Amino acid sequence: MADTSLGFVAASPSLPAAIKAPRPRQSAKPECHRCSSSSIVLGAAASLCVATGRRQDRRRACTVPRLAELGSRDTPSPHDLLLRVARGETGDHTPVWLMRQAGRYMKAFRNYSERYPFRQRSETPDMAIELSLQCWRQYGMDGVIVFSDILTPLPAMGINFDVVRGRGPIVLGDLARTLEDRLQDGPSQIREVTGHEGFKESHGFLRETLQALRSETEEKCSLLGFVGAPWTLAAYAVEAGSTKEAAVFKKWMFSKPEVVDEFLRRMTVTISNYAIYQVKSGAQCIQIFESWAHCLTPELWRRFAAPCVQQVVATLRKECPGVPIIYFANGGSSYLRDQVEALQGQIDVLGVDGHMRLDEAAKIVDGTGLVLQGNVDPYVLRYGSESEVRQAVRDSIDAVGGPGRHILNLGHGVLQGTPEENVLFFVEEAQRYQGTSEEYTSEKELLAA
């Protein structure tokens, strides 16, 4: 299979044997286990009422998932727990998904990645659907995130990119030299997509993928879409690929801030409509990835990145009220307070990377209404034992005050080479752990009586 290029057109190749187009899951919904008057003596029932009365605001999950083996696993009820917790409700267990959960750590995923180039996989609906669902079928996370890339909307703006195996994404067009010229009128002008229907022709594959995923996951788990934050995408475009410091784009930021502002304005309009397009296509929650936050000081983040995120959120909120919005600034935990001050009352969930203790983050967001997401070290899953993985999950949940009070994730994406069973331990422990406090312990003992 030839590598993808500027002239890429999504095809419909034969899929690897035994992994054809996704089939609906036939497993029955988990049975709800409730306490009855005949199962608990009167005195225990009275004590249980006292315990439950202390947490009337909690939305109770009906099941605790069984200990499972690799193969197939259902998401425990309630199926929309991730959305509920993102909106500020408290669940009986902690919802969980993982960044890069569709990845090369899975053998089933490698059956595709070793055969087809990235853009063909992500822009061919049959493959993108299958790659999005593989991990969910195996692990039963509370959320499925569409298999795609933050750079995917760029061609709609006239900015082309490719993904080269062994090197990663590259952005074409030499914007490091031509950015100002490309913002002028002309055939090579960088465009803004002014409405969500503007993606219908260029990104019909994404709508088809999301619609199919929504159909497959309806009343089974939550479906997430995602976008790259405008500053990160603008920096990626000018740097033409990965970078440690975004030095070339920073030169533009300091020498010609008015040019950067106009580029960011067009990027912000486009990304706002791209997020809306995903929700209209079936996504129930949107995560905004500030993947290059590590390149920014708090001052530069406030000046260039934060206003763009605020505008994306405001536009999405106006068009799609009620859709939870997550913001994750990778490498930005050193200015988490700045993020909270700028975004509280706008976003719903704040992702925390692996460079801050989660209990410290919980203190920072206390009283703001923000829900946290994160932040187990990906290397615990990569190299840790089962007991270490499970303990890291428990520590994360305890750090925010107990089960159902945040969304469990990693501090970054799942690493290539991570044992598949460690991902199972991670997901399973989040969904079964009931906490260490006296309240949880006493209630579990009474229920077991």
Can you compute 3J(HN,Hα) from phi for each residue in segment 374-384, using the Karplus curve 6.51 cos²θ - 1.76 cosθ + 1.60 with θ = phi - 60°, rounded to whole Hz and x for Gly and Pro?
x, 9, 5, 4, x, 6, 5, 6, 5, 10, x
Mean Cα-pair separation over length for segment 71-215, i.e. relative contact order, pairs under 8 Å, 6 or more apart, %
24 percent
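At 20 °C and a viscosity of 1.002 mPa s, what translational diffusion coefficient does Stokes-Einstein give for segment 74-437, taking Rh as the Kirkwood radius over Cα pairs? Give it in µm²/s as a whole number. Don't skip to the end; give the middle numbers.
Details: Rh = 20.6 Å.
It diffuses with D of about 104 µm²/s by this estimate.
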Under the Karplus relation with 6.51, -1.76 and 1.60 and θ = phi - 60°, whole-Hz ³J(HN,Hα) for segment 296-302, x at Gly and Pro, equal 10, 7, x, 5, 5, 4, 5
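Identify the GluC sites (Glu not before Pro) of segment 196-239 meeting these criteria: DSSP loop state and at most 13 other C-beta atoms within 10 Å of the C-beta. Working shown, then result.
Values: sites: Glu197, Glu201, Glu208, Glu216, Glu218, Glu219, Glu239; in loops: Glu201, Glu218, Glu219.
When the GluC sites (Glu not before Pro) of segment 196-239 are filtered for loop state and at most 13 Cβ neighbours within 10 Å, Glu201, Glu218, Glu219 remain.
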Using Cα-only point scatterers and the Debye equation, what is log10 of I(q)/I(0) for segment 103-254 at each q in 0.08, 0.10, 0.17, 0.19 Å⁻¹, rounded to two decimals?
-0.27, -0.42, -1.07, -1.22
Could you name the aspartates and glutamates whose alpha carbon sits less than 19 Å from that of Lys256, not counting residues in the same chain fewer than 8 places away?
Asp174, Glu180, Asp181, Asp185, Glu239, Glu245, Glu299
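Structure shown: which of Lys200/Lys318; Lys280/Lys318; Lys250/Lys280 lie over 25 Å apart, alpha-carbon to alpha-carbon?
On the way: Lys200/Lys318 20 Å; Lys280/Lys318 13 Å; Lys250/Lys280 35 Å.
Table pairs above 25 Å Cα-Cα are Lys250/Lys280.
Run the numbers for Thr436 and Arg303: contour at 0.36 nm per residue of separation, minus the present Cα-Cα distance, in nm. Could the numbers behind the result be given before it?
Details: separation 133, 0.36 × 133 = 47.88 nm, distance 4.26 nm.
Extending this stretch completely gives an extra 43.6 nm.
Over segment 74-437, calculate the relative contact order: mean separation of alpha carbon pairs under 8 Å at least 6 apart, over the residue count, as a percent. Walk me through the intermediate numbers first.
Numbers: 693 pairs, mean separation 80.6, N = 364.
Relative contact order for segment 74-437 comes out at 22 percent.
Based on other C-beta atoms within 10 Å, arrange Leu154, Leu172, Leu131 from fewest to most. Could you put the intermediate results ahead of the total?
Numbers: Leu154 24, Leu172 14, Leu131 27.
With the sparsest Cβ surroundings first, the list reads Leu172, Leu154, Leu131.
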Cα centroid of segment 258-308 to Cα centroid of segment 133-183, whole Å
14 Å
If the chain between Ala176 and Glu360 were fully stretched, how many nm would it gain, using 0.36 nm times the residue separation less the Cα-Cα distance?
62.4 nm
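Quick check: residue separation of Ser188 and Lys251 times 0.36 nm, minus the Cα distance between them. What number comes out in nm? Working shown, then result.
Details: separation 63, 0.36 × 63 = 22.68 nm, distance 2.27 nm.
Gain on extension, Ser188 to Lys251, equals 20.4 nm.
For the peptides 297-304, 119-126, what is the packing order when you average, over each peptide's residues, the other Cβ atoms within 10 Å and list the highest mean first? Please report the intermediate quantities before stating the final value.
Numbers: 297-304: 16.0, 119-126: 22.2.
Highest mean packing first, the order is 119-126, 297-304.
None of the figures in this text is laboratory data; all of them are computed from the coordinates on show. Fair warning: this is a prediction, and the values are worked out from it, not measured in the lab. For neighbour counting, all protein chains shown are included, and Cβ atoms are generated from backbone atoms with ideal geometry for every residue, glycine included.
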